[in-house]
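First comes the structure, then the notes that go with it.
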Amino acid sequence: MPSLLLLSNSRNPGGEFLAHARGAIAGLLGAEPRRLAFVPYAGVTITPDAYVARVREALSPLGHSVESLHEGDPVEVLRQATGVIVGGGNTFRLLERLYQTDLLQRIRQKVLGGIPYLGWSAGANLACPTIRTTNDMPIVAPPSLAGLGLVPFQINPHYTDDVLPNHGGESRADRIAEFLLLNPAVPVVGLREGSWLRVEKGRVTLEGRHPMKLFRAGVPPEEIAAGADLTGLLG
């Protein structure tokens, strides 16, 4: 099984970038210095240079080097990497660029080969079988919605039960219920802000500040407390 850290978000309100999960990230990457390949493609309103600078600053206390795919031949950057980071942003743009650069399966092979994977928001969604539980607007059209398939379930990042006053549209739970009606065999993890899933040595654990909500077809959604063992989701 791969070693994954799948974060709902990159920043808690009032907090620094990735600071809320720095301990978990350190645990994923280990003490030995790694060469980390950063995938900046989900960024739309931030340039790749600015995005990788933000990641480097956040992870600098951990002692690893970070190279963005845009800073060289992306295939070669990935080939030399001993860890992969996939940043958040727009999930459709991320997937479109990975198909254009023929990197989707290369990343999958590297991670299944044993290197750790860190992803937040769109990067967490990408680890699923598809990106069909993203919250993002399809501002571009990738040739497929298939993701990396590193886990057999779906994630809805930034999950919330809140409904805006005077808003007549569907809630997040309503949208996930629609997904389950058409995809009843695939559970969905509603991952709240400040929370993440750790996948390591064939186990899945919910970590962070908040419970998650697990959606399955035909049964009511289930609140699951932080610290819970979710290995059953691996089937």
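The values are calculated or read from the model by the stated rules, or taken from the named source; none is laboratory data. Please read these numbers as outputs of a predicted model, since none were measured by experiment. Positions of Cβ are backbone-derived with ideal geometry, glycine not excepted, and every protein chain shown enters the neighbour counts.
Brief remarks on what is shown
- Of the helices (runs of 4 or more DSSP H) lying entirely inside segment 33-102, those containing at least 2 residues that are among the basic types (K, R) and either at pLDDT 95 or above or farther than 25 Å from P2 by Cα (or both) are 48-59, 91-100.
- Of residues in segment 109-131 being surrounded by fewer than 18 Cβ atoms within 10 Å (Cβ to Cβ) and in contact (Cβ under 8 Å) with a residue 24 or more places away in the chain, the one nearest to A42 (Cα to Cα): L112
- Given (1) part of a strand (DSSP E or B); (2) in contact (Cβ under 8 Å) with a residue 60 or more places away in the chain; (3) over 23 Å from P2 (Cβ atoms), index of the condition E207 fails: (3)
- Screening segment 180-203 for residues that are within 12 Å of N156 (Cα to Cα) and either touching a Pro at 6+ places or on another chain (Cβ under 6 Å) or of a type in the set (D, E) (or both) and picking the one that is surrounded by the fewest Cβ atoms within 10 Å (Cβ to Cβ) gives E193.
- Within segment 139-156, the set of residues being in a loop (DSSP other than H, G, I, E, B) and surrounded by fewer than 19 Cβ atoms within 10 Å (Cβ to Cβ) comprises I139, V140, A141, P143, S144, L145, G149, P152.
- Picking from residues in segment 29-54 that are of a type in the set (V, I, T) and within 17 Å of Q80 (Cβ to Cβ), the one that is surrounded by the fewest Cβ atoms within 10 Å (Cβ to Cβ) is V52.
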